[in-house]
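The values are calculated or read from the model by the stated rules, or taken from the named source; none is laboratory data. As the structure is a prediction and not an experimental result, all values here were calculated from the model. Here the Cβ positions follow ideal geometry from the backbone for every residue, glycine too, while neighbour counts run over all protein chains shown.
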Amino acid sequence: MSALELDRVSFAYAGADAPVLREVSLVVPEGAFALFAGATGSGKSTLLRLAKPEISPAGALEGGVRVFGEDVRAFDPQASAHAVGYVFQNPDAQVVCDTVWHEMAFGLENLGVPEPEMRRRVAETCNFLGIEPWFRARTAELSGGQRQILALASALVMRPRLLLLDEPTSMLDPLAEKNFLALLFRANRELNITVVVATHTPETMADYATCAFELADGSVRPVDPPRAPEMLTKVPVTFVSTGGGGAGMRDVWLRYDRDARWVLRGLGLELSGGEVRALVGSNGCGKSTLLSVLAGVLRPQRGRVRNALAASQALLPQSPKALLAHETVRAELMEWSRAGGYGEAEVAAALERLGLADAAERHPHDLSGGQQQLLALEKLLLVRPRLLLLDEPTKGLDRSARERVARRVAEARSDGATVLLATHDLEFVRAVADNVSLMFDGAITVTEPTDEFFSNSWLYS
Amino acid sequence: MAPARFIPFGTCHAAVPATLFAGVVALSMLAVHPVFVGISLAGALAFSLAVRGAAATARGLVWQLPLLALVCLLNPLFSASGSTLLFKLGTRSVYLESLAYGATMGALMVAVVLWFEGAAAVLAQDRLLALAGGRARALPLVTSMALQLVPQLLGRARTARSTLAACTAAGPRPRLRDELVRTSTMLLTWSLEDSVERADAMRARGWESGVPRTQYRPERLRGCDTAALAGIAALLVLCATCAWAACSSWRFYPTMRGLAPWWLYLPFALLAALPVMTMVTGTFVTICHEGGCR
């Protein structure tokens, strides 16, 4: 039996001339782990949403969308909530309640499930996903990875037979992504839930996928499940110290609260001028904190910070939205034109580089997550900072976008910028960094030239 | 390592401490009687010292004691009643009775504030909200959403402002007013965009599905909770009766008289001491357990 079946489906948004989907037919068998791959704007989300009538976009739909043999348009909200689960992209936006237990119970409360049954389902789902240790935590205190697992749990607790996920890992770091996908795969195999994932990075799910479809120009074709990702090409530059004028810190101790644990404990770091330094280490080891301390926006309780480039630095935060404050993409790039000494011509060139020349008048928030990330980086590079601090610059980016970031970092560096980047993306580190520092337990454990670091490493080679 | 701090009422249903504190506060406010107010203040102060610690209590008293003094001194200016003339302030006479009434009211206010602070320290908001059943079902959900969104909003504001501060290459930092406008516009767009996805996430999980909602309660009312509730209710009734008897004989004006026999105050003293006694015995038991385990 097919879990999801599209029969000659065409769809056009209300008010749009051209349809986003044209005569699409596909079948996802029951128990499959299916991928919908395709570039941003290819209609992946639209396709998923058509199978969930409560959140289907407004527009003209032709053809049949069937879930386990039944037309979804005949579903009432209750039947749809029981049959089809949906996980969204953004870990911040899709959490509704303030505590984990309330979030998990939310869907069941909506469906009027009696309390004893509700308890049982919540307990079983928590056991399956290993949520129990943080079951009574506040959702505001969770990491992005935990929030996304909670979103998965809140969908699974309703016991759907079909689970649709729209770019579920694009805002997670690679470790959290692996965790999430492993849990998703277990749900697929052990609970026999049919999984359909829309993604622009199908390679990351290569180990799990049983079938894949590619969307392009409004049509869909089945493709072979993707293979493991290829390596990023190394940007050919050699490190030439511009001599002196770097930044550094000595014996820095920092904690966020008087009773909290030390995030940085006696940390020392020396950054030469003109160097590209990568900072690697597990989640929550203090990489972002270190960047903020070096930027001078966080003051350590003890220790000294020296930064000869403090007058000309720029920080790319983990969430690019914290940097985007204007109504249009063009205005965004123009914001710092006076201080940066650039004008319309440079902005036009930047738009061209980003492939956003047609989107100059769009709202930055209407761009995809990856495009927002690139836009934020471009905005920083336009002011030609001498010190560039990047926090997870490749998070949620596909291969070509990661290569673009690597190229832009190399260009900035050949202009004389010093770069410190915190990342989980080791391929990216290999492609751009001169030196790598491994951060652990609030301090730098080892710093080595990139090639040496990888050849000496047991874990990262 | 020090043993984990004991939190009183952590192991019983939230209804038990909620009833206890509501009862104590209600009685404190209704029984305007120097002895009752004194007992309530002593109980609240002891409980606050026990659960919040000396430093936090002292920080509160820094504004609470002046408030007490202010109410005490202001009352004679508004009500010139009484018989024991202390002194004259311009044309107004200040009587001892009127001063005592002011002191009682001031102490009452401080006691109520202290009870609320102590209760908040042991009763988390979500436990309290879960008590709202029946018709107020939308209330816990709405409050829950707000409690989730406020920290998120504040966190984002901090990130946005510190990012701008870190980008020194973008020129001098804008004036505070401009920066606040920039940050709030940014947060508004960001939240609005999130709210679209959040609304979808709610609908995808059966929100507005037309079925009457049920409620998941994280705590269950057990037999011992019911027993504790019954005990507290009985004690409250006894206290109310005694308080009524004591207050109806008591007069502030023209002279203070009509003090009831001592045993009429005993039940309320027991009630006011109950929270701190729970704390002290609980801590003692915890320490003994920890010691026994080693």
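For the stretch A:276-310: of the residues being within 8 Å of chain B (Cβ to nearest Cβ) and without any contact (Cβ under 8 Å) to a residue 60 or more places away in the chain, which is surrounded by the most Cβ atoms within 10 Å (Cβ to Cβ)?
Per the stated criteria, the residue is A:292.
Looking at residue B:33, is it in contact (Cβ under 8 Å) with a residue 60 or more places away in the chain and farther than 17 Å from residue B:253 by Cα? Quick ask: steps written out before the conclusion?
Working: in contact (Cβ under 8 Å) with a residue 60 or more places away in the chain: yes; farther than 17 Å from residue B:253 by Cα: no.
No, not satisfied.
Could you please tell me which pairs satisfy a Cβ distance under 7 Å, a separation of 6+ or placement on different chains, a first residue in the stretch A:331-343 that is surrounded by fewer than 18 Cβ atoms within 10 Å (Cβ to Cβ) and of a type in the set (Gly, Ala, Ser), and a second residue that is part of a helix (DSSP H, G or I) and modelled with pLDDT under 90?
Taking only residues 6 or more apart or on different chains, the pairs are A:339/B:170.
Within the stretch A:182-199, which residues are surrounded by fewer than 22 Cβ atoms within 10 Å (Cβ to Cβ) and within 30 Å of residue A:391 (Cα to Cα)?
Once the filter is applied, which keeps residues that are surrounded by fewer than 22 Cβ atoms within 10 Å (Cβ to Cβ) and within 30 Å of residue A:391 (Cα to Cα), the stretch A:182-199 yields A:182, A:183, A:185.
Quick one: which of A:387, A:382 is over 17 Å from residue A:325 (Cβ atoms), at pLDDT 90 or above, facing chain B (nearest Cβ under 10 Å) and buried (at least 22 other Cβ atoms within 10 Å of the Cβ)?
It is A:387.
Hey, can you tell me all the residues within the stretch A:134-188 that are hydroxyl-bearing (Ser, Thr, Tyr) and within 14 Å of chain B (Cβ to nearest Cβ)?
Correct list: A:139, A:143, A:154, A:170.
Conditions tested, residue by residue: (1) exposed (fewer than 13 other Cβ atoms within 10 Å of the Cβ); (2) free of Cβ contacts under 8 Å to residues at least 40 places away in the same chain; (3) among the hydroxyl-bearing types (Ser, Thr, Tyr).
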residue	(1), (2), (3)
B:214	no, yes, yes
B:222	yes, no, no
B:226	no, yes, yes
B:266	no, yes, no
B:281	yes, yes, yes
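Is it the case that the stretch A:53-69 has a residue that's at the interface with chain B (Cβ under 8 Å from one of its Cβ atoms), over 30 Å from residue A:17 (Cα atoms) and not in a loop (DSSP other than H, G, I, E, B)?
Checked against the condition, which is being at the interface with chain B (Cβ under 8 Å from one of its Cβ atoms), over 30 Å from residue A:17 (Cα atoms) and not in a loop (DSSP other than H, G, I, E, B), the stretch A:53-69 yields no hits at all.
Looking at the stretch A:87-94, can you tell me whether even one residue there is assigned to a strand (DSSP E or B), among the hydrophobic types (A, V, I, L, M, F, W, C) and more than 7 Å from chain B (Cβ to nearest Cβ)?
Within the stretch A:87-94 (the criterion being assigned to a strand (DSSP E or B), among the hydrophobic types (A, V, I, L, M, F, W, C) and more than 7 Å from chain B (Cβ to nearest Cβ)), the answer is yes, since at least one residue qualifies.
Among the residues of the stretch B:185-210 satisfying the criterion of being without any contact (Cβ under 8 Å) to a residue 12 or more places away in the chain and under 34 Å from the mean Cα position of the chain (by Cα), which is farthest from the other protein chains (Cβ to nearest Cβ)?
Residue satisfying both the conditions and the ranking: B:188.
Checking the conditions here, which among B:260, B:243 is part of a loop (DSSP other than H, G, I, E, B), modelled with pLDDT of 85 or more and either surrounded by 12 or more Cβ atoms within 10 Å (Cβ to Cβ) or within 21 Å of the chain's Cα centre (by Cα) (or both)? Outline the logic, then answer.
Values: B:243 fails: part of a loop (DSSP other than H, G, I, E, B).
Going through B:260, B:243 in turn, the sole match is B:260.
May I ask you to say which residue of A:140, A:176, A:151, A:123 is part of a helix (DSSP H, G or I), under 23 Å from residue A:202 (Cβ atoms), out of contact with any strand residue (DSSP E or B) (no Cβ under 6 Å at 6 or more places or on another chain) and among the aliphatic types (A, V, I, L, M)?
A:176
Please list, ordered by first then second residue, the pairs with beta carbon atoms under 8 Å, 6 or more apart or interchain, first in the stretch A:124-142 and more than 18 Å from residue A:190 (Cβ to Cβ), second part of a loop (DSSP other than H, G, I, E, B) and among the hydrophobic types (A, V, I, L, M, F, W, C).
From residues that are more than 18 Å from residue A:190 (Cβ to Cβ), the pairs are A:134/A:142; A:139/A:95; A:139/A:97.
In the list B:84, B:104, which residue meets the criterion of being more than 29 Å from the chain's Cα centre (by Cα), more than 30 Å from residue A:100 (Cα to Cα) and either in the same structural domain as residue B:255 (by TED's automatic domain parsing) or not hydroxyl-bearing (Ser, Thr, Tyr) (or both)?
Result: B:84 is the single residue among B:84, B:104 that is more than 29 Å from the chain's Cα centre (by Cα), more than 30 Å from residue A:100 (Cα to Cα) and either in the same structural domain as residue B:255 (by TED's automatic domain parsing) or not hydroxyl-bearing (Ser, Thr, Tyr) (or both).
Within the stretch B:78-94, is even one residue touching a residue at least 60 places away in the same chain (Cβ under 8 Å) and buried (at least 19 other Cβ atoms within 10 Å of the Cβ)? Working first, answer last.
Of all residues in the stretch B:78-94, those touching a residue at least 60 places away in the same chain (Cβ under 8 Å) come to B:81-84.
Adding the requirement that they be buried (at least 19 other Cβ atoms within 10 Å of the Cβ) leaves B:82.
So far as the stretch B:78-94 goes, yes, one or more of its residues are touching a residue at least 60 places away in the same chain (Cβ under 8 Å) and buried (at least 19 other Cβ atoms within 10 Å of the Cβ).
Give the stretch A:408-436 a look and list any residue that's assigned to a loop (DSSP other than H, G, I, E, B) and closer than 15 Å to residue A:279 by Cα, or say none.
Listed by number, the residues that qualify are A:423, A:424, A:425, A:433, A:434.
Quick one: how many residues across the stretch B:160-183 are surrounded by fewer than 21 Cβ atoms within 10 Å (Cβ to Cβ), in a helix (DSSP H, G or I) and either aromatic (Phe, Trp, Tyr) or without any contact (Cβ under 8 Å) to a residue 12 or more places away in the chain (or both)?
Looking only at that region, the number is 7.
Can you list residue pairs whose Cβ atoms sit under 9 Å apart, with the first residue in the stretch A:442-459 being more than 27 Å from residue A:262 (Cβ to Cβ) and the second being of a type outside the set (Phe, Trp, Tyr) and surrounded by fewer than 15 Cβ atoms within 10 Å (Cβ to Cβ)? Count only pairs 6 or more apart in sequence or on different chains.
Once the first residue is more than 27 Å from residue A:262 (Cβ to Cβ) and sits in the stretch A:442-459, its partners that are of a type outside the set (Phe, Trp, Tyr) and surrounded by fewer than 15 Cβ atoms within 10 Å (Cβ to Cβ) give A:454/A:461; A:455/A:461; A:456/A:446.
Mind checking whether some residue in the stretch A:305-317 is at pLDDT below 95, in a loop (DSSP other than H, G, I, E, B), out of contact with any Gly (no Cβ under 8 Å at 6 or more places or on another chain) and not charged (D, E, K, R)?
Within the stretch A:305-317, one or more residues are at pLDDT below 95, in a loop (DSSP other than H, G, I, E, B), out of contact with any Gly (no Cβ under 8 Å at 6 or more places or on another chain) and not charged (D, E, K, R).
For the stretch A:320-346, how many residues are at the interface with chain B (Cβ under 7 Å from one of its Cβ atoms), of a type in the set (Gly, Ala, Ser) and not in a helix (DSSP H, G or I)?
1
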